[in-house]
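Participant: One structure is given below, represented as structure tokens, and several questions about it will come after.
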Amino acid sequence: MGKPQRRFGKEFAAEAVRLVEVSGRTQREIARDLGVGLSTLRRWLDKRREHEIEAPPPERQEDLAAEL
């Protein structure tokens, strides 16, 4: 039998993604330090990127409008 599946809250996932973006450390290091699987961390990063593509933050919307 495998390990029981752990659940992480949205705030925890958001903080993990923020650490990847600002810490300068590798995804592997952050995943290990937080006790999550590397694939889990990468899935959170992918979700964040997908969300930003669908609904970019206001500063990116201005950049896109200027580019067009």
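Bear in mind these aren't lab numbers, they're just calculated from the coordinates by the rules spelled out. The structure presented is a predicted model; accordingly, all values stated were derived computationally and were not measured. A quick note on method: Cβ atoms are made from the backbone with ideal geometry, for glycine too, and the neighbour counts reach across all protein chains shown.
Participant: So which residues in the stretch 38-55 are of a type outside the set (S, T, N, Q) and either loosely packed, with under 12 Cβ neighbours inside 10 Å or touching a residue at least 40 places away in the same chain (Cβ under 8 Å) (or both)?
Facilitator: Hits for the stretch 38-55 are 46, 49, 50, 51, 52, 53, 54, 55.
Participant: For the stretch 27-37, what are the residues that are of a type outside the set (Gly, Ala, Ser) and free of Cβ contacts under 8 Å to residues at least 12 places away in the same chain?
Facilitator: 28, 29, 32, 33
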